[in-house]
């Protein structure tokens, strides 16, 4: 086993007070200790961190890294436009290119974990995946290959399927298709149990099997929605079927703070570094995340890469500080909050003994425009240096 220690650094654990001139100690891929005056094993490789600022590796809870490459049309595998707008059998993991340049971009910005989703053309686009941003093989990078179900409300499914002259062309149609799919999954599960009891051969359906996991609250519904009415519809359907819900984008979520607090629904907000590309994004801006965080809603900031390049996730957090969020709350939006939303806070999002040794090293305040990422570590390994 290999021990490593960075000494004399400013450390922001996130879930505890900052440490000045502190030491971060890790063994192989896990953090073992951090603080002032901690005992460093004799065999540890020591690294002088004077002038360095260390934070947990940043977590981006909504991206399309690897599944929608920026400069290669051949690498655009984001949306499977099909006969039906309901395609739960699609898996983001099967479309991800681990050699996409965006993974290195992520490391250059201190981003060590990403959620990767299919696009929002379909009402149900398929399953999402959660990956580390470094590794020699895709399967080694994966934390969870089937971590949720991507659904979409609003303009995207309407536009795509209206042009194809298929259902849905309205918000009513989107809701109806989602309800129907969930109902079919309920029926499928009941029939499967009966067939198994009766000794019958079960005819499998991969898409419905994913939705059964959703109905059993094993995985969440990750609902793309910008407008408040679409957000309400997502909540309404989630309550009808007792689903675990995460709201994606949430441009008008600031109008819904009471219900978000009452139902304990988190929101991943963004891409706020984007233009008003659609009517439903007319109120895009940093105020949404600031207002939600101040009210006590669990908020994560996202780049929605490639809408905003993933290496600028820290600048998204910096912009919320400009518009009134406290520095520490802003840091939480790209560390512990997304980890909690993805139910990975036992491993990620803060610097604590026993957690993954994923962290970023900066030469100053990570939210300052002149600060540079100096090193990024994933699973205790130095994977980027600049």
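Selection of region 1-18 for residues being touching a strand residue (DSSP E or B) at 6+ places or on another chain (Cβ under 7 Å) and within 17 Å of residue 334 (Cβ to Cβ) yields 11, 12, 13, 14, 18. Among the criteria (1) surrounded by fewer than 23 Cβ atoms within 10 Å (Cβ to Cβ); (2) touching a residue at least 40 places away in the same chain (Cβ under 8 Å); (3) touching a strand residue (DSSP E or B) at 6+ places or on another chain (Cβ under 6 Å), the one residue 31 does not fulfil is (3). I'd like to know if region 207-223 contains one or more residues that are in a strand (DSSP E or B), touching a strand residue (DSSP E or B) at 6+ places or on another chain (Cβ under 8 Å) and surrounded by fewer than 20 Cβ atoms within 10 Å (Cβ to Cβ). For region 207-223, residues in a strand (DSSP E or B), touching a strand residue (DSSP E or B) at 6+ places or on another chain (Cβ under 8 Å) and surrounded by fewer than 20 Cβ atoms within 10 Å (Cβ to Cβ): absent.
When residue 6 is tested against (1) in a loop (DSSP other than H, G, I, E, B); (2) under 29 Å from the mean Cα position of the chain (by Cα); (3) over 24 Å from residue 338 (Cα atoms), exactly one condition is not met: (1). Candidates are the residues of region 174-206 that are loosely packed, with under 12 Cβ neighbours inside 10 Å and not in a helix (DSSP H, G or I); the one that is nearest to the chain's Cα centre (by Cα) is 204.
Among the residues making up region 298-320, a single one is surrounded by fewer than 24 Cβ atoms within 10 Å (Cβ to Cβ) and over 14 Å from residue 273 (Cα atoms): 298. For region 263-270, does any single residue satisfy the condition of being over 19 Å from the mean Cα position of the chain (by Cα), surrounded by fewer than 20 Cβ atoms within 10 Å (Cβ to Cβ) and more than 22 Å from residue 338 (Cβ to Cβ)? No, region 263-270 has no match at all. Starting from residues that are in a loop (DSSP other than H, G, I, E, B) and touching a residue at least 60 places away in the same chain (Cβ under 8 Å), keep the ones in region 35-65 and report whichever is surrounded by the fewest Cβ atoms within 10 Å (Cβ to Cβ). It comes out as 51. Scanning region 367-378 for residues that are part of a loop (DSSP other than H, G, I, E, B) and touching a strand residue (DSSP E or B) at 6+ places or on another chain (Cβ under 6 Å) yields a count of 1. The criterion of being within 16 Å of the chain's Cα centre (by Cα), buried (at least 19 other Cβ atoms within 10 Å of the Cβ), in a strand (DSSP E or B) and at negative phi holds for residue 131.
Quick check: anything in region 91-98 touching a strand residue (DSSP E or B) at 6+ places or on another chain (Cβ under 7 Å) and part of a helix (DSSP H, G or I)? Yes: one or more hits. Of the residues making up region 136-158, those that are surrounded by fewer than 23 Cβ atoms within 10 Å (Cβ to Cβ) and either assigned to a strand (DSSP E or B) or on the phi > 0 side of the Ramachandran plot (or both) are 142, 143, 144, 145, 146.
Taken together, the values in this text are just the output of simple stated rules run on the coordinates, not laboratory data. Computed from a prediction, not measured in an experiment: that's the story for all the values here. In this analysis, Cβ positions are derived from the backbone assuming ideal geometry, glycine residues included, and neighbour counts consider all displayed protein chains.
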